[in-house]
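Comments concern the structure below.
The values are calculated or read from the model by the stated rules, or taken from the named source; none is laboratory data. Model, not experiment: these values are computed from the prediction. Cβ placement follows ideal geometry from the backbone for every residue including glycine, while neighbour counts extend to all protein chains displayed. Note: accessible area is taken over every heavy atom of the protein model, side chains too, but ligands, DNA and RNA are not part of it. Shrake-Rupley method; radii C 1.70, N 1.55, O 1.52, S 1.80 Å.
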Amino acid sequence: METKACGRAGAPLFQLRDAQVVRGGRTILSVDRFDLAEGEHVALLGPNGAGKSTFIQLLTREVFPLHRDEPPMRFRGQARPLLSDIKQALGIVSATMHDQVRVHLPVIDIVCGGQFGTLGLPRHVDVDDAVRAKALEALDRLGIVDLSERDVMTLSTGQVRRVLVARELMSDPSILIFDEPCTGLDPEGMYHVRNTMRLLAEEGRSVVLVTHYPEDIIPAIDRVLLIKDAQVFADGPKRELLNSRTMSDLFGVPLEVEQHEGWYALRGRY
């Protein structure tokens, strides 16, 4: 399918040009062109194994594209950005990170750990009042400050997911990546996680969402990037791409898309 570029303004956070990731002699992702502007939101949608996770790893520098004379990736215009600069700009929340929460710690310690890039507080580190106040503010912004002294292992899956968002806010990221954030959540948990994405988008942060489901795409996200068979299948406004025909082509089964007040839903056509 021919891709369509969305109109967008501002200096690009990320710029990809002819970026190819190869493993074992096989191309696992090929991106001809991609720009993400400051404050812009985008949702990556596609089947399992399509290349969505590799795309995110390309942005976070966990994988690298084949070398080109013209650098395939730039971050804020830099061809060779410092990894520390990228990490400082990014906040990442995923079900994988959630799986690492296996210790009995107060929620406030999990959130304060975000100041140091750890899940919980590093050994022999005393948190001062300023860091603690910052953590409480992050929890309050997400409506869960009442959980600050709770053992994180006693929380629901949805509550832990929001605690991890608060942890990422400690570094004040300009970009928040939500990698399948509603995996394993019940309807209440999904509601709160999606509302959290909405709040953060309203603050002017770029929200990058990776999902299988249009239901996760908050109204503030106007652009969708569809990935299939390790390539960008389409890139453009969701009002043009989130339709029954395109979703059926993307996932390879007959699907119906419904829209209500900026929210989309997907169901099978039998």
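Quick one: Debye curve from the C-alpha atoms of segment 175-270, no solvent, what's log10 I(q)/I(0) at q = 0.15, 0.17, 0.19, 0.25 Å⁻¹?
-0.60, -0.78, -0.98, -1.50
Per residue, how much accessible area does the chain have with a 1.4 Å probe, in Å²?
49 Å²
Assign one of three labels to segment 8-161, namely rounded, prolate or oblate, based on the Cα gyration tensor with a ≥ b ≥ c the square roots of its eigenvalues; rounded applies when a/c is under 1.5, prolate when it is not and a/b is larger than b/c, and oblate otherwise.
Taking the square roots of the gyration eigenvalues as a ≥ b ≥ c, segment 8-161 is prolate.
R33 to R239: extension gain in nm, 0.36 nm per residue of separation minus the Cα-Cα distance?
That pair, R33 and R239, stretches by 72.1 nm at full extension.
By DSSP, what percent of the beta bridges with both residues in segment 168-270 are antiparallel, rounded to the nearest 5?
Roughly 70 percent of the beta bridges in segment 168-270 run antiparallel, per DSSP.
Which distance in Å, rounded to a whole number, links the C-alpha centroids of segment 63-120 and segment 189-216?
Value for the Cα centre distance between the two parts: 18 Å.
Just to be sure I understand: of the beta bridges DSSP finds with both ends in the chain, what percent are antiparallel, rounded to 5?
That works out to approximately 60 percent antiparallel.
Over the chain, what is the relative contact order in percent, taking alpha-carbon pairs closer than 8 angstrom and at least six residues apart?
Reported relative contact order: 25 percent.
What dipole magnitude, in Debye to the nearest 20, does the chain give about its Cα centre under +1 on Lys/Arg Cβ and -1 on Asp/Glu Cβ?
Value, rounded to 20: 700 debye.
For the charge dipole of segment 19-62, defined by +1 on Lys and Arg C-beta atoms and -1 on Asp and Glu C-beta atoms about the Cα centroid, which residue among T27, T60, H41 has the Cα displaced farthest towards the positive pole?
About the Cα centre, the residue reaching furthest to the positive side is T27.
What's the extension gain from R26 to F116 if we count 0.36 nm per residue and subtract their Cα-Cα distance?
Here the answer is 28.7 nm.
Expressed as a fraction of 2.2 N^0.38 Å, the rule-of-thumb size for a compact globular protein of N residues, what is the C-alpha radius of gyration of the chain?
Against the compact-globule rule of thumb, the ratio is 1.03.
In percent, how large is the relative contact order of segment 1-154, given Cα pairs closer than 8 Å and 6 or more residues apart?
Once normalised by length, the contact order is 19 percent.
How many nm separate the modelled label positions at Y191 and R141, each set 7 Å beyond the Cα in the direction of the Cβ?
Here the answer is 2.4 nm between the modelled labels.
For helix 157-169, what angle does its Cα long axis make with the longest principal axis of the chain, in degrees from 0 to 90 and rounded to 10?
Result, in degrees: 90.
In segment 16-106, what chymotrypsin sites (Phe, Trp or Tyr not before Pro) fall in a loop by DSSP, with at most 10 other Cβ atoms inside 10 Å?
Here no loop site has a sparse enough neighbourhood.
Quick one: net charge of V93's neighbours, Cβ under 11 Å, K/R +1, D/E -1?
Combined, the nearby Lys, Arg, Asp and Glu give 0.
For an R0 of 35 angstrom, estimate the FRET efficiency from the Cβ-Cβ distance between R61 and Y270 and round to the nearest 0.05.
So, using R0 = 35 Å, E works out to roughly 0.20.
Once you put a point 7 Å from the Cα of D128 and another 7 Å from the Cα of R150, both along the Cβ direction, what distance in nm separates them?
3.1 nm
Any idea how far apart A95 and R68 come out in nm if each label point goes 7 Å out from Cα toward Cβ?
3.3 nm
So what is the 222 nm mean residue ellipticity for the chain from helices alone, if each DSSP H run of at least 4 adds -39500 (n - 2.57) and you divide by all residues, rounding to the nearest 500 deg cm²/dmol?
Per the formula, -8500 deg cm²/dmol.
Show me 143-152, 20-29 ranked by packing, highest mean number of other Cβ atoms within 10 Å first.
In descending order of packing, they fall as 143-152, 20-29.
Across the chain, how many lysine pairs separated by 8 or more positions, or lying on different chains, have Cα atoms within less than 19 Å?
6
Taking amide H positions as placed in the peptide plane 1.01 Å from N, state which residues far from V224 in sequence (5 or more) or on other chains have amide H under 5 Å from it.
Here the answer is A43, G236, K238, since their amide H atoms fall under 5 Å of that of V224.
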